[in-house]
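One structure is given below, encoded as structure tokens.
Taken together, the values in this text are just the output of simple stated rules run on the coordinates, not laboratory data. Note that this is a predicted model, so its numbers are computed, not measured. A quick note on method: Cβ atoms are made from the backbone with ideal geometry, for glycine too, and the neighbour counts reach across all protein chains shown.
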Amino acid sequence: MLGKHRPLPRCVPSWPNRSGERGTLMLTRKEFLQVGAALGATLAAPAVVRAQARKRFSLAWTVYVGWMPWPWAAEHGIVRKWASKYGIEIAVTEVNDYSTSINQYTAGGFDALTITNMDTLAVPAVGGVDSTSIITGDYSNGNDAVILKDKTDFAAIKGQRVNLVQYSVSQYLLDRALQMHNMTERDVNIVNTSDADMAAAWLTPAVTAVVTWNPIVQQILRNPNAHEVFTSAQIPGEILDLCIVNTKTLNQHPEFGKALVGAWYETLAIMLSPGPTGAAARTEMAKLSGTDLAGFDDQLKTTRLYPNPAEAAAFTASPKLRQTMEYVRQFLFTHGLMGQGAPSPDVVGIEYPDGAVQGDRKNIKFRFTDRFMRMAADRTI
Amino acid sequence: MSAISVRDVWQVYDGRVVLERISLEIKSGSFVAIVGPSGCGKTTFLRMLMSEERPSRGTILLDGRPLPDEPTADRGVVFQRYSVLPHLTVLGNIMLPLEFLGSRLLGRLFGAARRDAEAEARAMLAHVGLDGAEHLYPAQLSGGMQQRLALAQALMGKPRVLLLDEPFSALDPGTRAEIHGLTKRLWEETGMTVVMVTHDLSEAFRLGTRIVVFERLEPERGTRITFDIPVEGRKKPQEHRTPREMHIVTQEKSPCDRIAVGRRPSAWSAATTTPISTPAKAAAGRP
Amino acid sequence: MRVINRHPGRQARQILTALPFLAAVIAYFTASAIRLAANPEDRLLPSLGQMAAAVRRMAFSQDIASGQYLLLSDTAMSLQRLLLGLAIAVGISFAVGIAVGMVPYLRRTFVAFIAAFSMVPPLAVLPILFIAVGIGETAKVTLIVIGTAPFMIRDLIMRVEELPRPQLIKVQTLGATSWQIALRVVVPQMLPRLIDALRLSLGPAWLYLISAEAIAAESGLGYRIFLVRRYFAMDVILPYVAWITLLAFLFDALLRVFQRRAFPWFALEYMR
């Protein structure tokens with residue numbers, strides 16, 4: 001391997017030969033290399049072996065009505081049951097801040113994440129992390145709303161300062177609402193306001209228009225001067241809550257996807273059942289999200305869940321989803337959120353269950369699959 | 001009438017008797033040196049004279065009237081350290097008492113009043129051997145010069161009594177000798193009553209007209225006056241005069257001061273006799 | 001020779017100071033290169049080129065929507081709020097600190113209250129602040145004031161109490177009234193110490209500014225950082241953070257120089 005070499009300079013001690021004065025423990029060059037290779041192989045081997053037999057996976061969730069099934073399922077052993085069925089372990093972790101959960105997923109800290117369709121495209125997809133949506137959980141059917149103070153007509157928003165979380169689904173909602181009323185963002189002034197402070201901000205006289213999501217919407221509507229003038233119910237199916245998984249991990253370990261989907265539909269069935277079991281489950285979920293059963297059920301009214309996997313799968317394969325993602329990509333592109341220097345929204349490819357691709361086929365980073373949902377529908381999961 | 005009359009003064013802290021049965025009559029114009037071992041309470045006594053502390057028992061009278069409750073301008077003071085203000089130049093420090101008296105609201109003088117005060121201050125500076133150092137800050141002065149400044153500043157306030165709290169203890173022997181000379185001269189010129197606390201016996205004998213010894217004879221008892229020694233042959237001034245009514249005469253500067261100043265020497269070697277008879281406006285209303 | 005007696009030579013001194021910076025930079029760019037090799041779109045540790053592109057975008061080209069140079073307009077807005085907040089805090093702290101430090105009645109009344117107030121985390125009472133003053137500029141400036149003034153007040157009170165007693169006695173024997181003592185003795189000596197307290201408060205002031213801008217704003221350095229944080233744009237965030245650090249360092253240096261020039265006696269005191 002070494003072949004010819006220049007003689008070593010005198011300051012460097014040369015290798016002793018077998019019969020050298022320094023003793024028999026010294027190795028010849030050849031022996032040294034052999035030992036080195038063996039050592040390297042021994043050290044690397046467990047890593048290789050570990051990669052193929054990987055057993056631990058993680059899912060991150062944040063508090064939101066559409067994602068509360070996860071902590072409940074984790075607490076009641078449903079996740080563990082499905083995970084053991086496939087011989088793996090799944091850790092279900094709460095992250096306090098939605099943005100942080102997305103960033104951590106993108107940085108490789110989690111294998112799966114509860115996230116909206118828009119944020120999936122904007123952060124991990126544009127950030128080069130190939131993700132697959134395996135569950136279409138629900139769409140916002142009034143959970144996101146535009147609220148005006150002392151005005152009941154959406155058109156009155158013209159010229160106003162609007163407080164919302166900039167570049168979030170709230171701004172998307174506002175844009176679609178403006179579109180539908182023949183206005184543009186130029187007709188309003190957007191003030192970036194943190195969702196945590198939105199309710200407090202509403203109480204100040206300077207704030208007259210906000211766009212936000214539940215449960216903050218409910219909180220603000222308790223004020224008599226607050227009026228909902230546009231909600232996500234008017235753009236049904238556009239703001240989707242998904243469960244995404246890192247595509248590479250999913251391809252290597254499809255059992256992870258199966259366990260997640262199985263646990264999800266079992267939980268949903270229990271949660272939405274009419275009897276006391278359902279009520280008990282929803283009460284617990286309400287407590288976990290900081291409200292009570294009545295408040296939680298209220299939020300469920302404006303969340304169109306898909307407890308039936310066949311329906312969810314059908315929706316995922318429908319052209320409606322493609323139309324939605326087209327709106328979403330245009331929104332992101334016009335706001336410069338598809339990466340700097342992006343010439344068009346096509347820079348990132350979005351793949352659909354039938355194999356069709358929106359955008360760059362050679363750079364697919366967001367995939368919708370109905371495979372697992374159909375398995376759940378056929379009870380082969 | 002004595003300038004200071006101390007009658008049966010006791011000082012007790014938390015049940016511990018520090019001073020007991022201190023009685024003293026100090027005549028106007030005398031130079032009283034208070035000596036005693038460290039920690040015996042000499043400084044406590046001086047503090048009572050300047051109203052920094054109040055005696056637990058007994059009375060102190062100044063010119064027949066009870067001592068005010070707080071330090072006032074009739075009792076000037078020079079401490080061992082921190083007697084001058086670090087943020088003012090030498091000139092600023094000396095002008096300060098005139099500015100306090102002359103400008104109730106702003107504490108500063110302007111225009112003609114300022115010029116007059118400055119002239120007075122410069123005269124005093126020259127008198128104590130600090131001319132040439134007007135624009136230095138106290139931190140740039142040697143120990144001896146700082147104490148000269150402190151003395152000059154105290155005298156500018158024209159106090160009735162001058163209280164000195166171990167003012168020269170931190171100085172080296174050479175400087176101390178010079179400043180003894182200055183102190184004695186100033187006392188003779190002004191005829192003030194001086195009470196000086198010192199732990200240096202030779203200093204006490206050199207300067208004082210009277211030595212009062214404070215001693216704690218028994219450990220559980222307080223300090224008392226054990227000796228009261230008049231010093232013979234000390235020339236006493238004829239009358240009480242304010243510095244302003246004096247003729248300013250030259251004095252020789254020591255080589256040490258010259259080096260410490262480090263600046264171009266002013267016309268200090270010329271012998272001048274300059275009567276300063278115009279009282280500054282600040283003097284109006286001053287008892 | 002004992003390790004405490006070994007001193008680096010001239011050359012070694014400069015190298016040693018630069019060493020941790022170099023190490024950090026090398027560690028960063030190594031990690032960045034590794035991540036980018038695996039995923040060229042990675043956003044966690046942007047490369048020098050990505051950050052340079054971001055800087056060019058934010059500082060040297062006009063924003064499409066507003067026509068402004070974003071880094072400059074952000075800096076201008078943030079500095080406006082910071083300087084206003086600090087000016088008000090300094091004014092209040094100076095007046096209150098000196099008054100409370102000098103007057104025993106005021107001291108007894110206010111010291112405990114100010115101490116307790118300084119322990120309240122301002123960010124936690126933000127909702128109350130919003131209701132009181134809205135979510136506009138006033139709230140941001142107020143947050144900076146509430147965050148920095150209590151510390152400066154307490155510091156000044158302690159410094160006033162540290163003035164040597166002999167000094168105060170001396171000026172009383174020179175005929176000074178309380179007001180004159182405040183004006184000619186305490187205030188001039190407290191001014192350089194106020195600058196010290198201000199320098200120490202710069203860090204927290206930036207913190208409060210950035211937190212305030214994160215909550216409700218349309219422009220500003222903190223606003224920009226939190227905005228792009230949603231989109232994990234570390235290539236914008238890291239240069240912005242470096243810029244803020246540079247600004248804070250500059251302010252500190254400026255204050256130090258000003259203190260030395262305006263109060264030459266202060267340095268002398270401590271040299272002794």
Once phi for every residue in the stretch B:11-16 is put through the Karplus expression 6.51 cos²θ - 1.76 cosθ + 1.60 (θ = phi - 60°), the whole-Hz ³J(HN,Hα) values, with Gly and Pro written as x, are 10, 10, 10, 6, x, 9
For the stretch A:144-234, one quarter of the surface area of the C-alpha convex hull, expressed in nm², comes to 5.0 nm²
Log10 I(q)/I(0) at q = 0.19, 0.21, 0.22, 0.23 Å⁻¹ for the stretch B:1-128, from Debye over equal alpha-carbon scatterers, is -1.10, -1.20, -1.26, -1.32
Note: B:39-51 gets an average of partner chain Cβ contacts (10 Å, Cβ to Cβ) equal to 1
Ranked output for segments A:152-160, B:152-160, B:56-64 by mean other Cβ atoms within 10 Å, highest leading, reads B:152-160, B:56-64, A:152-160
Taking only C-alpha positions in the stretch A:242-372, Rg and Dmax in angstrom work out to 18.2, 55
If the chain between A:ALA279 and A:LEU221 were fully extended at 0.36 nm per residue, the gain over the current Cα-Cα distance would be 18.4 nm
For chain C, averaging the sequence separation of alpha carbon pairs under 8 Å that lie six or more residues apart and dividing by its residue count, the contact order in percent is 23 percent
Helix A:276-288 sits off the longest principal axis of the Cα atoms of chain A, rounded to the nearest 10 on a 0 to 90 degree scale, by 70 degrees
Partner shielding of B:103-109, as the mean number of partner chain Cβ atoms within 10 Å, equals 4
The answer for A:SER289, listing residues at least 5 apart or on another chain whose modeled amide H is closer than 5 Å to its amide H, is none
Eigenvalues of the alpha-carbon gyration tensor of chain A, times 5 and square-rooted, give semi-axes in Å, largest first, of 50, 27, 20
About its Cα centre, the protein assembly as shown carries a charge dipole, from +1 on Lys and Arg Cβ atoms and -1 on Asp and Glu Cβ atoms, whose size in debye to the nearest 20 is 3000 debye
Per the Cα gyration tensor, the protein assembly as shown corresponds to an equivalent ellipsoid with semi-axes, largest first in Å, of 81, 37, 28
Checking A:VAL129, A:VAL95, A:VAL79 against a Gaussian network model of chain A (alpha-carbon springs below 10 Å), the top fluctuating residue turns out to be A:VAL95
The stretch A:144-234: relative contact order from alpha carbon pairs under 8 Å, six or more residues apart, as a whole percent, is 50 percent
Across A:ASN96, A:ASN214, A:ASN363, the residue with the highest GNM fluctuation in chain A (Cα network, 10 Å cutoff) is A:ASN96
Dividing the alpha-carbon radius of gyration of the stretch C:3-45 by 2.2 N^0.38 Å, where N counts its residues, gives 1.81
Dividing the helical contributions, -39500 (n - 2.57) per DSSP H run of n ≥ 4, by the residues of chain C yields a 222 nm value, nearest 500 deg cm²/dmol, of -26500 deg cm²/dmol
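How shielded is A:183-195 by partner chains, expressed as the average number of their Cβ atoms within 10 Å of its Cβ atoms?
Mean shielding count: 3.
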Pairs over 28 Å Cα to Cα, from A:LYS81/A:LYS287; B:LYS158/B:LYS184; A:LYS81/A:LYS365; A:LYS301/A:LYS365; A:LYS85/A:LYS301; A:LYS149/C:LYS140, come to A:LYS81/A:LYS365; A:LYS301/A:LYS365; A:LYS85/A:LYS301
With Cα springs under 10 Å, the Gaussian network model of chain A assigns the largest mean-square fluctuation among A:ARG54, A:ARG329, A:ARG304 to A:ARG54
Computed over the stretch A:219-262, the Cα gyration tensor eigenvalues, each multiplied by 5 and square-rooted, give semi-axes in Å (largest first) of 40, 12, 8
Taking N as the residue count of chain C, its alpha carbon Rg divided by 2.2 N^0.38 Å gives 1.28
